[in-house]
């Protein structure tokens, strides 16, 4: 009888762990879902789910805080209603996730290479850094694409 109880307890523990592991999103998935909702789908209500209240912003043009981010994103959408963004690469290590993207804010404007770095804590995006560069229009002397 003791053996059956032990086997049952082990089975319940394994099933419980497996179920939890399947329902917990990785930091990479959280950032991709957050960014896609906020800037590709333009669904700020969906993006808000992944944003921590104590969101820290390192871009000097944007205030810190979840509501400040949402207001910033609304402004981006209003100024660039036909913008296009493609996530080209995603790199994750521990609590940091890096997105490398191609952005075309306006049809008549230049393409931009963007690197956004996010810190995730307890399933929420809580910190952000970014670097942006206009994609050069010169022909590459090495034959490799810029992004």
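The values are calculated or read from the model by the stated rules, or taken from the named source; none is laboratory data. Keep in mind that this is a model prediction, so the values were computed, not measured. Heads up, the Cβs are rebuilt from the backbone with ideal geometry, glycines too, and the neighbour counts pull from every protein chain shown.
Details
- Positions within the stretch 34-84 being in contact with a strand residue (DSSP E or B) (Cβ under 7 Å, 6 or more places away or on another chain), without any contact (Cβ under 8 Å) to a residue 60 or more places away in the chain and either buried (at least 17 other Cβ atoms within 10 Å of the Cβ) or part of a loop (DSSP other than H, G, I, E, B) (or both), in sequence order: 39, 63, 64, 65, 66, 69, 83
- Restricting the stretch 90-147 to residues that are touching a strand residue (DSSP E or B) at 6+ places or on another chain (Cβ under 6 Å) and part of a loop (DSSP other than H, G, I, E, B) leaves a set whose member that is farthest from residue 25 (Cα to Cα) is 110.
- Listed by first and then second residue, the pairs with beta-carbon distance under 8 Å, at least 6 apart or on different chains, first residue in the stretch 119-144 and at positive phi, second surrounded by 11 or more Cβ atoms within 10 Å (Cβ to Cβ) and at pLDDT below 95, are 123/25.
- Of all residues assigned to the stretch 135-147, none qualifies as being closer than 25 Å to residue 68 by Cβ and surrounded by fewer than 13 Cβ atoms within 10 Å (Cβ to Cβ).
- Beta carbons closer than 9 Å, at least 6 apart along the sequence or on distinct chains, pair a first residue in the stretch 15-33 that is modelled with pLDDT under 95 with a second that is part of a helix (DSSP H, G or I) for 25/33.
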